[in-house]
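Asker: The structure under discussion is supplied below as structure tokens; questions concerning it will follow.
The values are calculated or read from the model by the stated rules, or taken from the named source; none is laboratory data. Being a predicted model, the structure only gives us computed values, none of them experimental. Note: ideal-geometry Cβ built from the backbone for every residue, glycine included; neighbour counts use all protein chains shown. When the accessible area is computed, the model is the full protein with side chains, heavy atoms only, and any ligands, DNA or RNA have been set aside. Shrake-Rupley method; radii C 1.70, N 1.55, O 1.52, S 1.80 Å.
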Amino acid sequence: HQNQSLLQMRIQTLTVLRQLDPPRKYDVVLFLYENRLIRHDQPPTLDLSGANLTGVKFTLSSMATCNLSALYLPRVYAKDIVFEGC
């Protein structure tokens with residue numbers, strides 16, 4: 001049942017990511033990370049293979065944290081992705 005739930009979340013997440021601009025994609029990725037769904041140190045992991053994260057900018061600011069040390073995003077398309085101060 002858990003695998004079916006993850007598959008459904010994967011489908012919905014990939015569909016949503018296709019429709020968003022980079023700042024909104026950042027919000028989705030951060031949400032998934034903070035809810036322990038795309039971390040290499042805490043199963044289960046949501047598979048985002050094939051997701052297009054082009055131009056997403058992860059930067060440290062006074063408004064947002066940027067501790068992504070356990071981020072797990074294998075096989076995503078990440079042209080011009082930025083990790084600054086993370």
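Asker: Please list, ordered by chain and number, the residues whose modelled amide H lies under 5 Å from the amide H of residue 39; skip anything fewer than 5 residues away on the same chain.
Answerer: 46, 72
Asker: A further question follows. If I build a Gaussian network model for the chain, linking alpha-carbon pairs within less than 10 angstrom, which residue out of 59, 13, 45 has the largest mean-square fluctuation?
Answerer: Of 59, 13, 45, the most mobile in the Gaussian network model is 59.
Asker: I would also like to ask the following. Determine the gain in length on full extension of the stretch residue 24-residue 57; use 0.36 nm per residue of separation and subtract their C-alpha separation, reporting nm with one decimal.
Answerer: So the chain would gain 10.8 nm between residue 24 and residue 57.
Asker: Could you do me a favour and compute the accessible area per residue for the chain, 1.4 Å probe, result in Å²?
Answerer: 66 Å²
Asker: Please report the net charge: other residues with Cβ closer than 14 Å to the Cβ of residue 52, K and R +1, D and E -1.
Answerer: For residues surrounding residue 52, the net value is +3.
Asker: Just want to confirm a number: the relative contact order over the chain, from Cα pairs under 8 angstrom separated by 6+ residues, in percent.
Answerer: For the chain, the relative contact order is 29 percent.
Asker: Right, another one. About the Cα centre of the chain, how large is the charge dipole given +1 on each Lys and Arg Cβ and -1 on each Asp and Glu Cβ? Please answer in debye to the nearest 20.
Answerer: 180 debye
Asker: Let me ask something additional. Can you compute the modelled spin-label distance between residue 31 and residue 79, with each label point 7 Å from Cα toward Cβ, in nm?
Answerer: Label at residue 31, label at residue 79, 2.6 nm between them.
Asker: Using helices alone, I'd like the mean residue ellipticity at 222 nm for the chain: each DSSP H run of four-plus residues gives -39500 (n - 2.57), total over residue count, nearest 500.
Answerer: Here the helix-only value at 222 nm equals -11500 deg cm²/dmol.
Asker: Something else now. Restricting to Cα atoms and excluding each atom paired with itself, what does the Kirkwood estimate give for the chain in Å?
Answerer: That comes to 13.2 Å for the chain.
Asker: Here's something else I'd like to know. Using Cα atoms only, what is the angle between the long axis of helix 22-34 and the major principal axis of the chain, expressed in degrees (0 to 90) to the nearest 10?
Answerer: 60 degrees
Asker: Non-local amide H neighbours of residue 56 (under 5 Å, H modeled in plane, Pro and chain starts lacking H): which ones?
Answerer: It is 82, by chain and number.
Asker: Now, a different point. Relative to the longest principal Cα axis of the chain, at what angle does helix 2-18 sit, 0 to 90 degrees, rounded to 10?
Answerer: For helix 2-18, the angle is close to 40 degrees.
Asker: Where the centre of each part is set by its Cα atoms, how far does segment 67-86 sit from segment 32-50, in angstrom?
Answerer: Between the Cα centres of segment 67-86 and segment 32-50 lies a distance of 12 Å.
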